[in-house]
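Peer 1: I am attaching a structure below and will ask some questions about it afterwards.
The values are calculated or read from the model by the stated rules, or taken from the named source; none is laboratory data. Not measured: the values here are computed from a predicted model. Every residue, glycine among them, receives a Cβ derived from its backbone with ideal geometry; neighbour counts consider all protein chains shown.
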There are 2 protein chains.
Amino acid sequence: MPLSSRIESAINAAIQIGEARPAPPKLASALRYGVTPGGARIRPTILTSVALACGDDRPGMTDAAAAALELVHCASLVHDDLPCFDNADTRRGKKTVHLAYSEPLAVLTGDSLIVLAFDVLARAGVEDPARALELVKILSTRTGSPYGICAGQGWESETDVNLSAYHQAKTGALFIAATQMGAVAAGQEAEPWFELGARIGEAFQVADDLRDALYDAETLGKPAGQDELNARPNAVTELGVQGAVTRLKDILGGAIASIPSCPGEASLAKMVQMTAQKLTPVAPVPGE
Amino acid sequence: MPLSSRIESAINAAIQIGEARPAPPKLASALRYGVTPGGARIRPTILTSVALACGDDRPGMTDAAAAALELVHCASLVHDDLPCFDNADTRRGKKTVHLAYSEPLAVLTGDSLIVLAFDVLARAGVEDPARALELVKILSTRTGSPYGICAGQGWESETDVNLSAYHQAKTGALFIAATQMGAVAAGQEAEPWFELGARIGEAFQVADDLRDALYDAETLGKPAGQDELNARPNAVTELGVQGAVTRLKDILGGAIASIPSCPGEASLAKMVQMTAQKLTPVAPVPGE
């Protein structure tokens, strides 16, 4: 099975748990709406690639970890789009959950997806409770506060921002979770995989800044120019477009160099390279 | 240590994880604000009482379970109070989190508290991963959809409501989690403890309906008459005040009869009896 089909199948199995009877029908429908069709599924792809590079000796555990991570990511998008945050109308080219359903259902969809992520890990744990519990620990650390995406979003309510903590929590956290959970799902230690995740996260942040500055809303599938509008820190403002592109390439080179020794090291390096190509903006760059 | 101090101490240890550096200061402060000072801490009290009745052979696991359950309960209060749900100004006699901080911080506080609950269980799991993972499974089932408090809240967005699923998910879920997590934390099976939790949940719902109908906002520490205002199903509307009081006593009698055989069965029955007294409204009842 190609990697993308494997991941979609794992995500679909996870959503089915949350929407099973006797779930309230609108919430059940909103759960699926918030998770499908997906974007690039970049976090679970990284997670599964790392697990494969480490031998993937428990595929069920890898699939659960990949699905759990994507559910948390989708939950964060649903809550970030709410009127009190980005107040976004569109996401992935369709109405945001609070517009398609309602604001209460959007809050509940995010909450339910977060919880479902831990449910999926607990169910997979029958195979190996210690490994599953380590996955719970990594995912909770990188989702909550002080190291997770909740803390990252929380920094946007501060006037005096710890920029390093902000960036690592806001964008880095789920990439760190991706590499560490992939390794742990395949029976390896989490710690050596921190750096790869952190570097991919930095690269993603710079790429996102470039896209936000260069693309229009139609191409993005969400409102453009949000960083400038909300006065958020941005690599393009800091380095200019060409500087940001150079920085993106440097970070990804460092990411590849940081890959721990493992059976699938070479193919993992290739995956990071492909991620780099996907990330680098291809739209006409003004002034170039 | 008295039970209440043991529970507060476990909750305090849990909050400290979420507010540790480098957490964004306002979010860290809002986490503590949303959890302290507590109400009756009735769910963790039931959980710990069940664990004690079952021998409490791993007190660290019991404390983690009690804290995790209360964090989820507090998270649900923070989100339920949001403008898009109850739009409540006060909770436990002070401003609700979205008024004291902001709406974005209230959404993030709820999210972070849910995640912190699973983090706490994962950390406690070093002692016994299989037991901790079972706690994760019970808590996620009773928090998310289709059987948890998210689903319960989700039913309030439906026109055609499955009343039995609604009540069990909305109010029963965290009491079922309380009895089952208490048993599992002490190394017992979860299943025999379902009924006690479900019956305490029913009793609590009837008691809450009575309080909502009979008390004013100052006594409640939150807005009164919300059920009538929001046209929610209510035992007082259905049975009248006296009928609801009788029903409350019947349910609690059934709860005591359902307690599984365990070393501390007698003292657990006493705890349920005390809970009953706490729950039964003591305010002057109109027409009596």
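Peer 1: Taking the options A:D208, A:D128, name whichever one is within 14 Å of chain B (Cβ to nearest Cβ) and either surrounded by fewer than 22 Cβ atoms within 10 Å (Cβ to Cβ) or closer than 20 Å to B:P22 by Cα (or both).
Peer 2: Unique residue meeting the criteria: A:D128.
Peer 1: Please verify whether the range B:3-13 includes one or more residues that are in contact with a Pro (Cβ under 7 Å, 6 or more places away or on another chain) and not acidic (D, E).
Peer 2: Among the residues of the range B:3-13, at least one is in contact with a Pro (Cβ under 7 Å, 6 or more places away or on another chain) and not acidic (D, E), which makes the answer yes.
Peer 1: May I pose another question? How many residues, within the range B:139-178, are more than 20 Å from the chain's Cα centre (by Cα) and either facing another protein chain (nearest Cβ under 7 Å) or without any contact (Cβ under 8 Å) to a residue 24 or more places away in the chain (or both)?
Peer 2: 5
Peer 1: Hey, can you tell me all the residues within the range A:179-198 that are among the polar types (S, T, N, Q) and either outside any loop (DSSP other than H, G, I, E, B) or within 14 Å of chain B (Cβ to nearest Cβ) (or both)?
Peer 2: Selection gives A:T179, A:Q180.
Peer 1: Being at the interface with another protein chain (Cβ under 9 Å from one of its Cβ atoms), among the charged types (D, E, K, R) and surrounded by fewer than 23 Cβ atoms within 10 Å (Cβ to Cβ), is that true of even one residue in the range B:108-118?
Peer 2: Scanning the range B:108-118 turns up no residue that is at the interface with another protein chain (Cβ under 9 Å from one of its Cβ atoms), among the charged types (D, E, K, R) and surrounded by fewer than 23 Cβ atoms within 10 Å (Cβ to Cβ).
Peer 1: Hey, another quick one. Does at least one position in the range B:118-132 carry a residue that is of a type in the set (D, E, K, R), closer than 22 Å to B:L196 by Cβ and assigned to a helix (DSSP H, G or I)?
Peer 2: Checking the range B:118-132: at least one residue is of a type in the set (D, E, K, R), closer than 22 Å to B:L196 by Cβ and assigned to a helix (DSSP H, G or I).
Peer 1: So for the range B:278-286 (the condition being surrounded by 13 or more Cβ atoms within 10 Å (Cβ to Cβ), at pLDDT 90 or above, of a type in the set (A, V, I, L, M, F, W, C) and assigned to a helix (DSSP H, G or I)), does at least one residue qualify?
Peer 2: No, every residue in the range B:278-286 fails to be surrounded by 13 or more Cβ atoms within 10 Å (Cβ to Cβ), at pLDDT 90 or above, of a type in the set (A, V, I, L, M, F, W, C) and assigned to a helix (DSSP H, G or I).
Peer 1: Which members of the range B:163-186 meet the condition of being touching a helix residue (DSSP H, G or I) at 6+ places or on another chain (Cβ under 7 Å) and either of a type outside the set (G, A, S) or on the phi > 0 side of the Ramachandran plot (or both)?
Peer 2: If the condition is that a residue be touching a helix residue (DSSP H, G or I) at 6+ places or on another chain (Cβ under 7 Å) and either of a type outside the set (G, A, S) or on the phi > 0 side of the Ramachandran plot (or both), then B:Y166, B:H167, B:Q168, B:K170, B:T171, B:L174, B:F175, B:I176, B:T179, B:Q180, B:M181, B:V184 are the ones that fit.
Peer 1: So is A:V136 of a type in the set (A, V, I, L, M), more than 7 Å from chain B (Cβ to nearest Cβ) and more than 17 Å from A:G18 (Cβ to Cβ) or not?
Peer 2: no
Peer 1: If you don't mind, there's one more thing I want to ask. Of the residues that sit in the range A:212-231 and are outside any helix (DSSP H, G or I) and buried (at least 16 other Cβ atoms within 10 Å of the Cβ), which one is modelled with the lowest pLDDT?
Peer 2: Restricting to residues being outside any helix (DSSP H, G or I) and buried (at least 16 other Cβ atoms within 10 Å of the Cβ), the top hit is A:K222.
Peer 1: Now for a different question. Scan the range B:162-177 residue by residue and report those that are over 14 Å from A:R21 (Cβ atoms) and not polar (S, T, N, Q).
Peer 2: B:L163, B:H167, B:K170, B:G172, B:A173, B:L174, B:F175, B:I176, B:A177, listed by residue number.
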